[in-house]
Structures are given as C-alpha cells and as structure tokens.
C-alpha cells in the first residue's frame, strides 16, 4: 500500500467519523423534539482496489442515514389513536345530553312526570280545589319545559357536531396538503438514504395527527414518498392530494371527496364518531323523546276530552294536539288561559273526579305505542340506555388511552433518543476520529523519513 493510499484511507475515516459525530450531536440536540426519530449513520467499506494477486481496502464511507423506526409500532399507535379519538368524541357529545337529563334526580323529567300524576291524584280527591288545579297546570308545564329543553340540547349538540366536523375536515385537508408537500421535498432531496430523515419525521408526525381524525393506512413507496389512505380513499399519493368535504347523509352528516362527491367512510377517529352521532345516535335519542311526547299528548288528550271542566265544558284538550314532538309540546290554549279548564270530572256533577283519577292512573298504565311500557318506564329506559352508552364510551376511551401510551412507549424504545446511549456512541466515534488523525500523523512521519533518506 502506498503512502497516498494510506492518506486517502485516513482522510475518508476522518470525514466519515466526523459525520457520525454530527449525526450523534443532531440526535442529542433533538432528544425532546416531538416526533423526532433517532438517526444512525450507515457505515460501509469503500470499494476495494483490486490487484493482480489480491485486493486492498480503501477505507470507510457513509452509505446513508437510517431512522431507527418500526412500521409495526407506527401502525399500532395510529390504529389505537383513531379508536381513542372516536370513543373520546362519543363520550364528550353523549355526555352533554346525559348531563341535561340529570337522571336520577329530583329535578329531571322522571320526577316531573311523577309530579303530574301526583297532582292529578290530589285533584281527583278535591276536583273543585283551585290550588290543586294550579298544581296540575304547573306540574304539566314542567314536563313540557323539560322535554323542550332536552330537544333543544340535542339540536345544539347536533349543530356543534356539524361545526366540529367542518373544522376537522379542514384539518384533514391541511394535513394532507402538508404531507403531499413533504413527499415532494423528500423526493427532491434524493430519497430515504440521503438527507430526508428529518423530513420523514415531520411527515410521520402529521400522519399521527391525521390518524386521530380518520382511519389511516400508509403505503410506502420505493422513492421515499408515501401514499396515505383515509376511509378507503387515497388522500395523498405522492404530491397529489384529494380534499374532503362535509355533506348531508340522511338526517345527519358525512364525508365526501370535494371532486367527484364520492362517499368516504371515516371508519375510525373523531370524524367517524361525529358522523355516527349525527346520523344514528342523536336521531335515535330525539326519536325516543318525540315518541314520549306524542304518547303523552295522545293519551292525556284522549282521556281529558271525555271529561268535564269546572264550568261544565267537555271536549277540551289538555295538551296542544298540534305539538306532538319534544320540541313543540305545550299545554292547550284553554288550560294555559285558566286552570278551571282542566277536566277532572267524568260526569257533569259536583265532586266527581273520575277523569283526574284516570289521568293519575296513567302512571302505571302501559301504552301500546310505547310497546306496553308506561310513560315513565319509556323515559327511564331512554335515560338508562344513554347512560350505558356514555359509560361504555368512557371506558373505551380510558382503555384506548392506555393502549396509545403503551404503543408510544414501544415506539420510543425503538426510535427515541437516549442521551446516555448517544454519549457512549460519541466516545467511540471520537476515538475512531482520533485514530484516523493519528494515522495521518504516522503517514506524515513516514513521508518525512523518506524525504530525509532521499
């Protein structure tokens, strides 16, 4: 081996180990940077020099920078993040409706219904009593107010869910555009083996954020770019991006592509929860409340119209027959104007309280339109079912939170930066650098000796 070859080997060793120290320093500097993955300089022997009898090594070179990242852990983390986003959003929105019901309590609708039946029972014992009649009217007014309040809450929650969907769809579109732009920069930098590691970390961080909104599937490409599918739709393909929009689906809302209007099923993430809330969950709760309101109006009016008011009139409605939904239920104009228009008697005779007693008996009478359940049982079943849904969503959220943390810890164990480990590696790189420098010094001394001989 010539002195020139020796100097060349020493030079490549110096440059390579200096670059290795640069990579280590970069890792240490980004130890707390969100989304950063530990980088490693890949070392490989230089192509040897072939002679007549044997080959001679030519030193070391850097083959590229590698990220210590595991695709399996990434996929697990993103799947769990999407499930957590779905259950967390469901818990948040259904919890707001449950809080409005406030059951069991002394101020909820169940208590208000009990109050109406008690008031009619008291009125049946003294049908001419003005205070008893006023108590009936006030108790019924509380029931209508509770139903309208719950219906208003559902409507507000639905509107908030729509606004939230629009905001999150904008976030999906923005994240997709940024991922597409990073794909272009990675491709321009020369791909994964060159200087694209930091850009890839930024892209993966954006994909992690996207996975909280919609289910994500990442399709790696050989050139270092990726394709990203969401809801079965290719959101990002290289630098090409497909934007999403919110559309009406049945009584709720869903997702479509902006160009072409193709339906998109989010499948996971908070957008999936919002779509399910507006299309299924909220309409189901509203339908049960409307069913209760309609049965309340129908059953009460059927009995009340057959009775006699304090003035001897008959055929008077207790509830407004036009208001048969939870949002429109109200007392009839006659009852609203005067409590004397409440029909308590089954015959036009003083002291008779047959109709009031019949209305009080609705507390324990099954209603055909409610599947044979009483009015109170129907509502209690609704409140209990909603409570179970909220509790289930809460438990799912808490369980997924643990899984997400475990998946993130697994990712950090593989790709996170350990300062101690980097310092140990830095010592080895420094020693290699010093050895290469010493090699240059030895080559220089040998050359000086040759010069002196000559």
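Each value in this text was obtained by applying a stated rule to the coordinates, not by laboratory testing. These numbers come from a predicted model, not from an experiment. Methodologically, a virtual Cβ is constructed for each residue, glycine included, from the backbone with ideal geometry; neighbour enumeration extends over all protein chains shown.
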Principal-axis tilt of helix 375-415 within the chain, Cα atoms, nearest 10 degrees: 10 degrees
Cα centroid of the range 16-67 to Cα centroid of the range 193-236, whole Å: 26 Å
Evaluated at q = 0.08 Å⁻¹: base-10 log I(q)/I(0), Debye formula over Cα of the range 75-402: -0.52
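Just to verify a number: FRET efficiency for residue 438 and residue 177, C-beta to C-beta distance, R0 = 51 Å, to 0.05?
Values: r = 52 Å, r/R0 = 1.02.
Working from the Cβ atoms, E equals 0.45.
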Alpha-carbon spread of the range 113-156, three principal axes, descending order, Å: 42, 16, 8
Efficiency of FRET from Cβ geometry, residue 156 and residue 128, R₀ 45 Å, rounded to 0.05: 0.55
Rg to Rh, two decimals, where the range 317-411 supplies the alpha carbon set and Rh follows Kirkwood: 1.33
In nm, spacing of pseudo-spin labels at residue 412 and residue 340 (7 Å Cα→C-beta vector): 7.7 nm
Those residues of the range 425-447 whose amide nitrogen sits under 13 Å from the label point placed on residue 28, 7 Å along Cα→Cβ: 425-431
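Neighbour counts of other C-beta atoms within 10 Å: give me 9, 450, 440 arranged from fewest to most. Mind showing how you got there, number by number?
Working: 9 21, 450 10, 440 16.
Ranked by crowding around the Cβ, least crowded first: 450, 440, 9.
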Cα centroid separation - the range 146-186 against the range 72-140, whole Å: 27 Å
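Over the chain, calculate the relative contact order: mean separation of alpha carbon pairs under 8 Å at least 6 apart, over the residue count, as a percent. If you can, show how the numbers build up before the last one.
Working: 748 pairs, mean separation 106.6, N = 454.
Normalised by residue count, the contact order of the chain is 23 percent.
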Rounded tilt (10° steps) of 71-101 against the dominant C-alpha axis of the chain: 20 degrees
Distance in nm between pseudo-label sites at residue 420 and residue 451 (7 Å out along the Cβ direction from Cα): 4.9 nm
On Cα atoms only, tilt of 282-304 relative to the major axis of the chain in degrees: 0 degrees
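Normalise the Cα radius of gyration of the range 213-350 by 2.2 N^0.38 Å (N = residues in it) and let me know the number.
Working: Rg = 27.5 Å, N = 138, 2.2 N^0.38 = 14.3 Å.
With N residues counted in the range 213-350, Rg over 2.2 N^0.38 Å equals 1.92.
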Residue 107 versus residue 311: modelled label distance in nm, points set 7 Å from Cα along the beta carbon direction: 3.7 nm
